[in-house]
1. Scan (1) modelled with pLDDT of 95 or more; (2) exposed (fewer than 15 other Cβ atoms within 10 Å of the Cβ) for the single condition residue 249 breaks and write down its number.
2. Would you confirm whether any residue within segment 88-95 is out of contact with any strand residue (DSSP E or B) (no Cβ under 9 Å at 6 or more places or on another chain) and assigned to a helix (DSSP H, G or I)?
3. Take residue 49 and tell me if it is in contact (Cβ under 8 Å) with a residue 24 or more places away in the chain and either of a type in the set (Gly, Ala, Ser) or not in a helix (DSSP H, G or I) (or both).
4. Can you give me the ranges of the strands (runs of 3 or more DSSP E) entirely in segment 100-163 with at least 1 residues that are touching a residue at least 40 places away in the same chain (Cβ under 8 Å)?
5. Can you name the number of the only condition in (1) farther than 20 Å from residue 10 by Cβ; (2) among the basic types (Lys, Arg); (3) within 20 Å of the chain's Cα centre (by Cα) that residue 223 fails?
6. Taking the conditions exactly as written (loosely packed, with under 12 Cβ neighbours inside 10 Å, outside the structural domain of residue 112 (by TED's automatic domain parsing) and on the phi > 0 side of the Ramachandran plot), does residue 185 satisfy them or not?
7. I'd like to check something: does segment 23-30 contain any residue that is acidic (Asp, Glu), under 22 Å from residue 159 (Cα atoms) and modelled with pLDDT under 95?
8. Would you be able to tell me the number of residues in segment 164-194 that are in contact (Cβ under 8 Å) with a residue 12 or more places away in the chain and small (Gly, Ala, Ser)?
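The values are calculated or read from the model by the stated rules, or taken from the named source; none is laboratory data. Note that the structure is predicted; figures quoted are calculated from it, not measured. Here Cβ is always computed from backbone atoms with ideal geometry, including for glycine, and neighbour counts include all displayed protein chains.
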Amino acid sequence: MSINSKLVAFAQNELVLSHNDTERDKIKASLGQLEKVLKDKLGSNIKEFIRFGSFTRNTILPRKYDPNSDVDLMIVFNTSTAKYTPGTYRKWILDVVSVAYPNSVSKKDFPVIKLELNHIMFDIVPAYTEDFIWKTYYIPGSGDTWRSTTPNDINESLASKNTQYGNNVIRNTIRLCKHWNAFAGYPLESYLMEKDIINLVYWGNEDTYERFLKTINSIAGSRPGVRQALDYIQQYKGSWSQPANEAKQFEWLQKLLPGLK
């Protein structure tokens, strides 16, 4: 099996949380139940729920490969009669989930409430909206203030790029880079890293192996461990005076992606 085939298999089998309909349905069921619990307790205080983040883009990794993997849920509160501080809304959420899920871990972790259910971590963030020319969403900012945000702003861009290049190569590249990032101790913020990858330009004839090398060089090529691995991989790709050595390329690739076989 070629290095590219091994990378594709790793990205599409090992690095996928919802790798089948059953698992995805379980997560959706848990999300639906969580929304119901919150709506039952907070009633008309809740305007809408918005699911966002890597789960909606299918770039979320299993926690085996990314201990910080989570499913994001935004609770948009109704502020037509009164608007409270982010801390107030976060306390409301924490009070509800602490009672509804007494055997699970739930805690404040700015700017979200974290809830761990059956090895799935949910990040629940309070929000509100203002409607002028367009709808603007606000989530907790520093000092118990609000800051604007755009949920799911890169989903459409990712879907478009994935269709453009075909065969899930962009999603595969993102998953591989997220695994490297987690193993490296999260030097890059995951959302911004995904955004940077989506904005990169790729050639149509590049396979997943070439795109991963190109991408990791672009986003982290200055890091010593990454630079060393990339330099050795390039060396073992061969030249007019030295034949290619795939075994050595793969050995250095595994240093970037532990668990790759």
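1. For residue 249, the failing item is (2).
2. yes
3. Working: in contact (Cβ under 8 Å) with a residue 24 or more places away in the chain: yes; either of a type in the set (Gly, Ala, Ser) or not in a helix (DSSP H, G or I) (or both): yes.
So residue 49 fits the description; yes.
4. On the way: elements: 105-109, 112-117, 120-131, 135-140, 146-149.
It comes to 112-117, 120-131, 135-140, 146-149.
5. All conditions pass for residue 223, except number (3).
6. Taking the combined requirement at face value, the residue satisfies it.
7. Let us first name the residues in segment 23-30 that are acidic (Asp, Glu), namely 23, 25.
Applying the additional criterion that residues be under 22 Å from residue 159 (Cα atoms) yields 23, 25.
Then keep just the ones that are modelled with pLDDT under 95; that gives 23, 25.
For segment 23-30, residues acidic (Asp, Glu), under 22 Å from residue 159 (Cα atoms) and modelled with pLDDT under 95: present.
8. The number of residues fulfilling the criteria is 3.
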